[in-house]
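Just so you know, all these numbers are worked out from the coordinates, no wet-lab data involved. Quick caveat: nothing in here was measured; it's all calculated off a predicted structure. Note: ideal-geometry Cβ built from the backbone for every residue, glycine included; neighbour counts use all protein chains shown.
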Amino acid sequence: MGEWIELEAADGHRLRAWRSTPEAPRGAVVLLQEIFGVNGHIRALVEGFAAEGYDTVAPALYDRIGPGIELGYGDDEAARGRDLRSGLGVDATMADIAAARDAVAGSGGVGAVGYCWGGALAWLAAARLDVACAVGYYGSMTIDFVDETPKRPMTMMLGEKDATFPAANIEAIAARHPGTAIFTYPAGHGFACDERGSWHEPSARLARERTLDIFARYLG
C-alpha cells in the first residue's frame, strides 16, 4: 500500500505526494492528476502501476492552493477543479512535477503518465523534464502547448468521442509532431476512469496494456 510523503520543489514549496514502492522496482513512474486532485481514483492508479513493479508517485499539485483538495466527478466539482487548475502557474506546477521525478529517480528510469489535465502535463514533462518517456490520456490542454516539442518518446491515448479534444486538434498535433504516437479509442473523455460515466472498459484495458508496453520498453 502507498503512503503520503512530502516533497520539496526547487522554489522551496513543500507538497504532499502519494507514493507506492514495490520491493524491487523495475523503474519509476510519475503519475499526474486530473483536475480532481490526488483523489481515490488517482491513488488507485498509483497502486496499480506499483503492482506492475514501478515505484510510482502522484504529486498533489493543488497543494500550492491548499492541502488536502480532493474532488469527486460531479458537474459542480468539475467546475471547481477547472477553477483550481486555472489558478496555478505552469512553471510552478512543473517544479512540483520535477520534485516528484527526483524523489523516485533512484528506482531507475522514470516515466510520466497523466490523465485529463495530467495528460497535458505529461506532454510538458516530455518537453521540459528529464524523463525516459511519457503517456498522456485525453489531455485536452495539450493543444495549448503544441509549440513545445517532446524530447522523449511521447504517446497520447485519446477518445474518438471526446468533445474536449476535437479531431482538428488531434490532426494539428500529429502534423506538428509526427514522432508522437497517437492511439484513439471508441470512447469519450475520461474513458480510463471507472468512477465516471464515460468509463469504457475495453478502451481503458487496451490503453493500459499499451502504457505498460511503453514502460517495459523504456523503463524496464
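Could you please give the count of residues in region 192-203 that are in a helix (DSSP H, G or I) and either in contact with a Phe, Trp or Tyr (Cβ under 6 Å, 6 or more places away or on another chain) or polar (S, T, N, Q) (or both)? So the answer is 1.
For region 8-24, the condition holds for no residue, the condition being that it is touching a Pro at 6+ places or on another chain (Cβ under 8 Å), under 17 Å from Leu129 (Cβ atoms), touching a residue at least 12 places away in the same chain (Cβ under 8 Å) and of a type in the set (Asp, Glu). Checking the structure you have, find out if any residue of region 138-146 is buried (at least 19 other Cβ atoms within 10 Å of the Cβ), farther than 20 Å from Val90 by Cβ, out of contact with any Asp or Glu (no Cβ under 6 Å at 6 or more places or on another chain) and of a type in the set (S, T, N, Q). Looking for residues that are buried (at least 19 other Cβ atoms within 10 Å of the Cβ), farther than 20 Å from Val90 by Cβ, out of contact with any Asp or Glu (no Cβ under 6 Å at 6 or more places or on another chain) and of a type in the set (S, T, N, Q), one finds none in region 138-146, hence no. Count of region 132-191 residues, restricted to those that are of a type in the set (A, V, I, L, M, F, W, C) and part of a loop (DSSP other than H, G, I, E, B), is 6. Inspection of region 94-104 identifies no residue that is buried (at least 17 other Cβ atoms within 10 Å of the Cβ), under 22 Å from Pro178 (Cα atoms) and not polar (S, T, N, Q).
Yes or no: Thr56 crowded, with 17+ Cβ neighbours inside 10 Å, part of a helix (DSSP H, G or I) and of a type in the set (S, T, N, Q)? Taking the combined requirement at face value, the residue does not satisfy it.
Cβ-Cβ distances below 7 Å connect the following pairs, each with a first residue in region 62-75 that is closer than 23 Å to Gly89 by Cα, a second residue that is of a type in the set (D, E, K, R) and not in a loop (DSSP other than H, G, I, E, B), and a separation of six or more residues or different chains: Asp63/Arg16; Pro67/Arg16; Leu71/Glu77; Leu71/Arg80.
Residue pairs whose Cβ atoms lie under 6 Å apart, sitting 6 or more positions apart in sequence or on different chains, and linking a residue in region 100-111 that is within 12 Å of Asp130 (Cα to Cα) to a partner that is of a type in the set (D, E, K, R) and buried (at least 17 other Cβ atoms within 10 Å of the Cβ), are Val110/Arg101.
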